[in-house]
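The values are calculated or read from the model by the stated rules, or taken from the named source; none is laboratory data. All values reported here derive from a predicted model rather than from experimental measurement. All Cβ positions, even for glycine, are placed from backbone atoms using ideal geometry, and neighbour counts span all protein chains on display.
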Amino acid sequence: MTSPPTIPGARPGKIYPTPTSRIGRAWALAWIELSNQSEPAGGWMDGTELAERVARKVLPRLAPVTMTQLFARMGRAGVLVETKRPIAGSRGIRARSFYRVP
């Protein structure tokens, strides 16, 4: 398995997320799932569900919103491809982000 991609951090010479941080470890778990997503299923993963799953696996636990924000940032950086789909929830129909590896 290859290590998950990182993007330039806020400071010169730094990367984000740092692999040894909680968010870095959660990103590595998410990357494994995203990389193993089968193409017949469309290759898309629900970002909210993925965020909740990987946020529970690191200790101390992360808030799932931390991961959804990371996924959005990786989408803007071109590491992930993002699409929005309407999902019916308790507050009506909302757009939810789905991700895949390009």
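Side notes on the structure shown:
- The stretch 17-42, residues that are farther than 10 Å from Pro4 by Cβ, at pLDDT 90 or above and not in a helix (DSSP H, G or I): Thr18, Thr20, Ser21
- Residues that are in a loop (DSSP other than H, G, I, E, B), at pLDDT 90 or above and surrounded by 12 or more Cβ atoms within 10 Å (Cβ to Cβ) within the stretch 5-16 comprise Pro5, Thr6, listed in sequence order.
- Filter result for Val65 (over 18 Å from Val101 (Cα atoms) and crowded, with 17+ Cβ neighbours inside 10 Å): no
- Selection within the stretch 20-39 - touching a helix residue (DSSP H, G or I) at 6+ places or on another chain (Cβ under 7 Å) and surrounded by fewer than 16 Cβ atoms within 10 Å (Cβ to Cβ): Glu33
- Extreme residue, nearest to Leu29 (Cα to Cα), among residues of the stretch 79-95 that are in contact with a Lys or Arg (Cβ under 6 Å, 6 or more places away or on another chain) and surrounded by 12 or more Cβ atoms within 10 Å (Cβ to Cβ): Val81
- Among the residues of the stretch 43-78, just one is closer than 17 Å to Arg25 by Cα, touching a residue at least 40 places away in the same chain (Cβ under 8 Å) and part of a loop (DSSP other than H, G, I, E, B), namely Leu62.
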